[in-house]
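**Student:** Quick one: this structure, given as structure tokens, is what I'll be asking you about.
The values are calculated or read from the model by the stated rules, or taken from the named source; none is laboratory data. Computed from a predicted model, the values in this text were never measured in an experiment. Counting neighbours? That spans all protein chains shown, and the Cβs are built from the backbone with ideal geometry, glycine included.
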Amino acid sequence: MFNLLKILSQLHFLSPSKLTRLGFAIRQNGINLMLLFTLMEKERADKVALVDRRETLSYKKLQERSENLAYMLKEHYQLEKGQKVAFLCKNHASLVQALFAASRLGADLYLLNSSMSKPQFNRMVEEHDFDLVVYDNESRGLIEGSLYRNRKILSYHENITAISNLVDTKWKKKQKLKPSSSSKIVILTGGTTGKSKEVIHSPSIFNYLQPFAALLDRLQFTRYNTAYIATPIYHGYGIAILLSFIALGKKVVIQDSFDAANACALIRNHQVEVVTVVPLMIHKMLKINKENLRSLACIASGGAKLNPALVKEVNHHLGDVLFNLYGTSEAGLNIIGTPQDFKYDANTLGQLLSGGQLQVVKNGEEVESGSIGQFCIQNKWSMKNSKSHWIETGDVGYRDKNGYYFLCGRTDDLIISAGNNIYPMEIEVAVNNHSCVEDVAVVGIRDVYSGHILKAFVQLYPNKTISEEALISWLRKHVAEFQIPREIVFVKELPYTALGKLDRMRLQAIEDIWT
């Protein structure tokens, strides 16, 4: 209740008239994504809500179009409460409007990776039996060549029916839509090739008071006017930030896909104050044009561990503007690292959010501070289809005596070499501290005698040089002997996934990559 009052106060929403309006909206429409428009003051209706490469929409226009689309989807596509809508889309206005419209009807929203393969899409069709698919034209071949046979609609098209022309189609209201509070947001994890995992979240704002309050408090979102969401909306991190800024009545800039040069230009042109990124994105933007990033007051990084060297680089060029958001699709946001936290230790993830619990567990038992184990999380805003109150994240790390959390890697990253348990991230952090090293990845290579040996792929800064022998000699002062890589290979660039995570599988499969 305290957090609810705090949030409503920060939104200037505690007057009797506004609380009455909120209650009336819940009775009329239910608790779904459309309720976010009710949280805004009337004077914000004409302010810019959403900008993409095609159009600019005010809050009034975004709400009207989304409501209009809800009627059209019900009338022409027979979309109803409890049905499943899959979204195979990049970041654009049609996706956002379709999400709001489908939620208003009580449909479950399934967010799919827009880069997925046909085999994985077919598996999802068989597992989930979608009632409707909203998709981009570039996925048309995938959809038409798949096992899917139910209703479908394009996000954009000039000549045939699509979300982009349905939102402005004239319609006659025969009856009011019934209130709906049953819609769920389902994030299908597992990348673009592996078997997906279904992660269900309720769109009710009341389930997310603690993380929302933390964003307002630690990142000071209410102070800013414009945000650029560079991360994919289909990822849990992307949609969470989108909905947070819509609730706050801020201007949100999105683009179909990330390009560092375009991103720098967008930040300059819109005087963006907040940007959501994975670490690789801000790294690329700093290399392209640092001057265009001067308006940034908050860089919210998530999805992958921050490199301490990147923390220092951001602080040097842009000041204390970098924040780390740690969470998982299953457990949601749980840890926030602030610029002050990084002054304590540039390697830290930050500190735990109020209202959540995190245990560091090894062999089924919680370990003491400083000991490494798996992060297990329990909170009110995690996925709703978990059989256990505690969610195993698959991330391995530790908590120090002052309550700061540190990430050491993934459970499936563990390398056993000559009987020693080794997490690559620990070695990577050490190597990254060398002034010549821009990026590094450590993998385990099968070995007859040791089980695995360590191999490091190192990307140097432009115009920097160092020999393998010199780097190994330097590293001996910073890690244990069993953590020293048997071999170091210098590469032009390391491979990353579309979500900005290091692709270790590619490194292990192609040992001589780009040499």
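**Student:** Right, Val85: of a type in the set (Val, Ile, Thr), in contact (Cβ under 8 Å) with a residue 24 or more places away in the chain, surrounded by fewer than 24 Cβ atoms within 10 Å (Cβ to Cβ) and touching a helix residue (DSSP H, G or I) at 6+ places or on another chain (Cβ under 9 Å) or not?
**Tutor:** no
**Student:** Also, I was wondering about something else. Please give the helices (runs of 4 or more DSSP H) falling wholly within the stretch 214-297 in which 3 or more residues are small (Gly, Ala, Ser). Walk me through how you get there before you give the answer.
**Tutor:** Working: elements: 236-248, 260-269, 279-288.
Here the list reads 236-248, 260-269.
**Student:** Exactly one condition in (1) at pLDDT below 95; (2) in contact with a strand residue (DSSP E or B) (Cβ under 8 Å, 6 or more places away or on another chain) is not met by Ala346; state its number.
**Tutor:** Ala346 satisfies all of (1) at pLDDT below 95; (2) in contact with a strand residue (DSSP E or B) (Cβ under 8 Å, 6 or more places away or on another chain) except (2).
**Student:** Quick check: anything in the stretch 308-330 modelled with pLDDT of 95 or more, among the β-branched types (Val, Ile, Thr), in contact with a helix residue (DSSP H, G or I) (Cβ under 9 Å, 6 or more places away or on another chain) and part of a helix (DSSP H, G or I)?
**Tutor:** yes
**Student:** Suppose the filter is over 24 Å from the mean Cα position of the chain (by Cα), in a helix (DSSP H, G or I) and touching a residue at least 12 places away in the same chain (Cβ under 8 Å); does Leu69 pass it?
**Tutor:** In short, yes.
**Student:** Across the stretch 333-355, which residue is surrounded by the fewest Cβ atoms within 10 Å (Cβ to Cβ) among those that are in contact (Cβ under 8 Å) with a residue 24 or more places away in the chain and in a helix (DSSP H, G or I)?
**Tutor:** Tyr344
**Student:** Consider only pairs whose beta carbons are under 6 Å apart and that are at least six residues apart or on different chains; among these, list those whose first residue lies in the stretch 90-108 and is free of Cβ contacts under 8 Å to residues at least 40 places away in the same chain and whose second residue is part of a helix (DSSP H, G or I) and buried (at least 24 other Cβ atoms within 10 Å of the Cβ).
**Tutor:** Ala101/Leu69; Ala101/Ala70; Ala101/Leu73
**Student:** Return the residues of the stretch 362-373 that are crowded, with 16+ Cβ neighbours inside 10 Å and either over 28 Å from the mean Cα position of the chain (by Cα) or in a strand (DSSP E or B) (or both); say none if nothing qualifies.
**Tutor:** Matches in the stretch 362-373: Val367, Gly373.
**Student:** Considering the stretch 485-500 alone, what residues qualify as being out of contact with any Pro (no Cβ under 9 Å at 6 or more places or on another chain) and buried (at least 16 other Cβ atoms within 10 Å of the Cβ)? Working first, answer last.
**Tutor:** Taking the stretch 485-500 and keeping what is out of contact with any Pro (no Cβ under 9 Å at 6 or more places or on another chain), we get 485-497.
Scanning the stretch 485-500 gives Pro485, Ile488, Val489, Phe490, Val491, Leu494, Pro495, Tyr496, Thr497.
**Student:** When you go through (1) free of Cβ contacts under 8 Å to residues at least 12 places away in the same chain; (2) farther than 15 Å from Ala101 by Cβ one by one for Ile31, which number turns out not to apply?
**Tutor:** Every condition holds for Ile31 apart from (1).
**Student:** Only one residue in Lys455, Lys492, Lys477, Lys464 is under 30 Å from Ser115 (Cα atoms), in a loop (DSSP other than H, G, I, E, B) and not assigned by TED's automatic domain parsing to the domain that holds Ala309, so which one is that?
**Tutor:** Every option except Lys492 fails the conditions.
**Student:** Among the numbered conditions (1) touching a Cys at 6+ places or on another chain (Cβ under 7 Å); (2) free of Cβ contacts under 8 Å to residues at least 12 places away in the same chain, tell me where Met425 comes up short.
**Tutor:** Of the numbered conditions (1) touching a Cys at 6+ places or on another chain (Cβ under 7 Å); (2) free of Cβ contacts under 8 Å to residues at least 12 places away in the same chain, the odd one out for Met425 is (2).
**Student:** Additional query: Scan the stretch 416-429 residue by residue and report those that are of a type in the set (A, V, I, L, M) and surrounded by fewer than 20 Cβ atoms within 10 Å (Cβ to Cβ).
**Tutor:** Those that are of a type in the set (A, V, I, L, M) and surrounded by fewer than 20 Cβ atoms within 10 Å (Cβ to Cβ): Ile416, Ala418.
**Student:** Something else now. Run Asp413 past the list (1) within 30 Å of Leu353 (Cβ to Cβ); (2) among the acidic types (Asp, Glu); (3) in contact with a Leu (Cβ under 9 Å, 6 or more places away or on another chain) and report the number of the one that doesn't hold.
**Tutor:** (3)
**Student:** Under 6 Å between Cβ atoms, at least 6 apart or on separate chains: pull out the pairs that start in the stretch 429-447 with a residue that is in contact (Cβ under 8 Å) with a residue 60 or more places away in the chain and end on any residue that is basic (Lys, Arg).
**Tutor:** Matching pairs, first to second residue: Val443/Lys455; Val443/Arg504; Ile445/Lys455.
**Student:** Any idea which of (1) surrounded by 23 or more Cβ atoms within 10 Å (Cβ to Cβ); (2) within 19 Å of the chain's Cα centre (by Cα) is the one Lys284 doesn't satisfy?
**Tutor:** (1)
**Student:** May I pose another question? Looking at (1) small (Gly, Ala, Ser); (2) in a loop (DSSP other than H, G, I, E, B); (3) out of contact with any Gly (no Cβ under 7 Å at 6 or more places or on another chain); (4) buried (at least 19 other Cβ atoms within 10 Å of the Cβ), find the lone condition where Gly403 falls short.
**Tutor:** Going through (1) small (Gly, Ala, Ser); (2) in a loop (DSSP other than H, G, I, E, B); (3) out of contact with any Gly (no Cβ under 7 Å at 6 or more places or on another chain); (4) buried (at least 19 other Cβ atoms within 10 Å of the Cβ) one by one, Gly403 breaks only (4).
**Student:** Would you mind telling me which numbered condition in (1) closer than 19 Å to Phe406 by Cα; (2) surrounded by fewer than 23 Cβ atoms within 10 Å (Cβ to Cβ); (3) under 21 Å from the mean Cα position of the chain (by Cα) Glu330 fails?
**Tutor:** Tallying (1) closer than 19 Å to Phe406 by Cα; (2) surrounded by fewer than 23 Cβ atoms within 10 Å (Cβ to Cβ); (3) under 21 Å from the mean Cα position of the chain (by Cα), Glu330 fails exactly one: (1).
**Student:** Just checking, how many residues over the stretch 425-452 are part of a helix (DSSP H, G or I), in contact with a Pro (Cβ under 8 Å, 6 or more places away or on another chain) and either over 19 Å from His283 (Cβ atoms) or among the aromatic types (Phe, Trp, Tyr) (or both)?
**Tutor:** 1
**Student:** A further question on this structure: Does any residue of the stretch 376-392 turn out to be assigned to a helix (DSSP H, G or I) and touching a Gly at 6+ places or on another chain (Cβ under 6 Å)?
**Tutor:** No: zero hits.
**Student:** Output yes when any residue across the stretch 313-320 is closer than 17 Å to Cys408 by Cβ and crowded, with 20+ Cβ neighbours inside 10 Å, and no when none is.
**Tutor:** no
**Student:** With the structure loaded, tell me whether Ser94 is outside any strand (DSSP E or B), of a type in the set (Ser, Thr, Tyr) and closer than 17 Å to Ile239 by Cβ or whether it fails that test.
**Tutor:** Yes; evaluated as a whole, the condition is true for this residue.
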